[in-house]
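Contents: one structure, followed by commentary.
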Amino acid sequence: MLLPLLRSHPLLHHAARLSSPRTRLLLRRDALPPALSPPHSPIRMAASSGSNASSPAPSPPPAVVHKSKIQFCPACGSPTKLAVPDGDEKMRAICSSCGRVHYENPKMVVGCLVEHDNKVLLCKRKIEPAYGLWTLPAGYLEVGESTAEGASRETLEEACADVEIISPFAQLDIPLIGQSYIIFRARLKTPNFSPGPESLECALFALDDIPFESLAFSSIIVTLRMYTEDVKSGSIKFHYCTINKRLGASPSDLQSFDIDNHIAV
């Protein structure tokens, strides 16, 4: 009896409504409150649905065919070739010697949105990409740790901050680059932080002072927009969305993306 229960779950109906062909969610500038929309920001949240919409929804981004970067077999060292294995639909890297099929999977990025005295903790990057731009403390999940453990570790490494996880805040999928972000709300256990080896500096920012024009990545922009709007509305939610990056855009291009399938619960 599990399937009927799942079909009747209100979150699934909400998700189905948001992902229907008649609804398109974009993150752009003009639908944000003036205080949240910095000069020249390309970001807004808008939805067009129903027959009376003033303009048609943008066309979905073209499908991108992923080309494997695995040139040599990790098992035997022989060159690989690109082919569609029997029973598969996608091109895979197949060893020309031992015949092993090598799959590439998205990478998980985890991080913390650290709250302290109505401010959020940001780190200025000391490494490429996006050297000198601000970001939330975040990085790749390691084998053997949970997402919450990884987010706490990254915060300790980048901001020398010991934090307590409060709750998950956002999951952001970026299909074009094969990344999925999970961002947690967290609080400082002690009011101490300092730049780690990958950070030039760390600082607490009031919501109205967040340097949106100098943020590092689309995922960080989207996360902080959602958080700022939630706080000012008096209701912090959990968010999910897909970030569609423009093919060939740099990681820190503030005009290189829009979002789809935004769900806030």
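The values are calculated or read from the model by the stated rules, or taken from the named source; none is laboratory data. What you are looking at is a predicted structure, and each value in this text was computed from that prediction instead of being measured. No Cβ is skipped: glycine too gets one built from the backbone with ideal geometry, and neighbour counts run over all protein chains shown. Note: areas computed on protein heavy atoms with side chains; ligands, DNA, RNA excluded. Shrake-Rupley method; radii C 1.70, N 1.55, O 1.52, S 1.80 Å.
Pull out the extension gain between D88 and E104, defined as 0.36 nm times the separation in residues minus the alpha carbon to alpha carbon distance; nm, one decimal.
Details: separation 16, 0.36 × 16 = 5.76 nm, distance 1.40 nm.
The span from D88 to E104 would gain 4.4 nm if fully extended.
Sequence neighbours fewer than 8 away in the same chain don't count; with that in mind, list the lysines whose C-alpha is under 21 Å from K232.
In chain and number order, the partners are K119.
Using 0.36 nm times the number of residues separating K126 and F72, minus their current alpha carbon distance, what extension gain do you get? Numbers along the way, then the final one.
Details: separation 54, 0.36 × 54 = 19.44 nm, distance 3.23 nm.
Between K126 and F72, full extension yields an extra 16.2 nm.
Which part of the range 178-202 falls in the paramagnetic zone of V265, meaning amide N under 18 Å from the point 7 Å along Cα-to-beta-carbon?
181-185
Which peptide among 98-104, 153-159, 118-124 comes first, and what is the full order, when sorted by highest mean count of other Cβ atoms within 10 Å? Working shown, then result.
On the way: 98-104: 12.7, 153-159: 22.3, 118-124: 20.6.
The densest-packed peptide leads the list: 153-159, 118-124, 98-104.
Each label point is 7 Å from the Cα along the Cα-to-Cβ direction; what then is the distance between the points at K232 and A206, in nm?
1.4 nm
Can you flag which of K67/K107; K107/K245; K124/K245 are past 21 Å Cα-Cα?
Working: K67/K107 16 Å; K107/K245 16 Å; K124/K245 23 Å.
Checking Cα-Cα distances, K124/K245 exceed 21 Å.
With every protein chain in place, what's the accessible area of K81 (1.4 Å probe, Å², nearest 10)?
110 Å²
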